[in-house]
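Where a number appears in this text, it was derived from the coordinates with a stated rule and is not lab data. Treat the numbers as computed from the prediction; the structure is a model and nothing was measured. A quick note on method: Cβ atoms are made from the backbone with ideal geometry, for glycine too, and the neighbour counts reach across all protein chains shown.
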Amino acid sequence: MKIVVTGATSFVGLGAVRELLHRGHQVYAVLREHSTKADLLRENGKFPQGLTILEEDLGNLSKLPERIPGGCDVFLHMGWRGAGSDSRKNESVQEESVQDALNAVRVAKDLGCRRFLFTGSQAEYGVKSELTDEETVCEPTSPYGRAKLAVRQQAEVLCRELGLDYGHARIFSTYGPGDHPWSLLSSCVRVFRAGEKMTMTACTQLWNFMYIDDAGRALADLAEYAGNLADHGCVYNLGGPMDETGPLRGFVETVYELCGRQGSMEFGVRPPNAEGIVNLIPDIRKMEHNILANELLQHGNEFVVEDMNYKALQKRSKETKVNPKTGRAHTKKRFGKSLSRCAPAMFISILNKKANRYGGSVIKVSTFETKASQFDHTDESYTKKRLSERMAHLSSGEVVQRDLYSAFLLEYIDTESLEYNTKALNSAFPAFLEMHENTKRRLQAVGSSLPASIGF
């Protein structure tokens, strides 16, 4: 594809450009006239193949159609006049950037682009203390956050009017080589390696970091997406792994260890900033689900799943637990946060939309009638199992992971009669066992981060 990228020499911009070039795309990097940062795009002293540098101010993007022969496919707009810490409070500068973004949409149309992709910010959400997903109400507290949100609101409408697909990537905290020298992690590395003292706030807030290469890959995935990003709500949170969210102090202490425990650190010395204690707890399931769905669609467009009532599962409980101090009963949830974190209903919805786009579908079958977790195709028997039993012991002697085996069974079920094709199952079983063992070895390599529910 041919992709226009503004803000190409920003921290995130560099990560995106590198990844897009790595994937073989033609990239037109738009830099400010006489930019001193062009050398950041060089590799081994020269500009990489597939990269074209265009010097144009953000206010003159209308000239791009004259300079790019044959038009483009995607316009990735990351250029922003007021991204620095001081300028973020400047209302007029932020408004200029909003107008730049809307003009960029019109230029994308003139270039023949199919998609306009914009990089927003977690600042759009404002100060939150809970898990933040794309449906969280936005309450920005800074001119910068309000301006980014204004682009999301106005650009989506403009793109719809012009027939462009609109994607809005809300980026949370990034880190890595090339990060701003004044960022917390960069400051820690510099101070600790110099053997000096780092003074900070209490750093008790929850935080999440995304490595710059991962940010580049996520933006490239959004640029390449074959469907319409707007079909899934256009907004996508980009952050680090959800299970790595933790107190900011922990990240600082990790950097201290990696720097050989040089220097020193002191918490609780500095007061919080004017916004108070800000927690970054991004919910990135939407992006993860889209990536997984794309991977599955490489193997086919017809999927069979058991129809589950996930809300009901969250409410089920074997027993009522009572708080000994208050005497109050805890909420009866057999699957609470663990099920919520997986968001299976969201994934099935995304997979269904994508499958439909490619002429396929997601077929739901009754879990009470199929009883995939109880069936043994080797002797065509049904054995009820406790939920804690994660491995299925087949009559033929093989031991297989319960969920993987259930998926295998559903591949060979008649979706109307709900009868298993045991002949086909027996024929395909050796190949399944080989894949099962390969998957087992791969998952075991993950180590302690592997959920206990897997059973390996």
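Region 1-71 gives an Rg/Rh value of 0.93, both radii derived from C-alpha positions and Rh following Kirkwood. Taking Cα atoms only, the orientation of helix 184-193 departs from the longest principal axis of the chain by about 80 degrees. As a rough footprinting exposure proxy, the listed residues D221, D243, D231 were ranked by other beta carbons within 10 Å of their own, and the order from fewest upward is D243, D231, D221. Among DSSP beta bridges whose residues both lie in the chain, state the antiparallel percentage, nearest 5. Within the chain, antiparallel bridges account for around 20 percent of the total.
Working from the Cα coordinates of region 157-274, the gyration tensor eigenvalues give, after taking √(5λ), semi-axes of 37, 15, 12 Å in decreasing order.
Values [x] 21, 44, 24, 10, 0; [y] 19, 36, 31, 13, 1; [z] 20, 48, 29, 4 are given for comparison; P(r) over Cα pairs in 20 Å bins from 0, in percent, derived from the coordinates here, is the one labelled [z].
Beyond a 25 Å Cα-Cα separation, which of these cross-linked pairs lie in this structure: K63/K354; K109/K286; K286/K364? Where the Cα-Cα span goes over 25 Å, the pairs concerned are K63/K354; K109/K286.
Over the chain, what is the relative contact order in whole percent, taking alpha-carbon pairs under 8 Å and six or more residues apart?
Value for the chain: 11 percent.
Against the chain, whose longest principal axis is taken from its Cα atoms, helix 11-22 shows a tilt of about 60°.
In terms of other Cβ atoms within 10 Å, C203, C113 run from fewest to most in the order C203, C113. Against the chain, whose longest principal axis is taken from its Cα atoms, helix 248-258 shows a tilt of about 80°.
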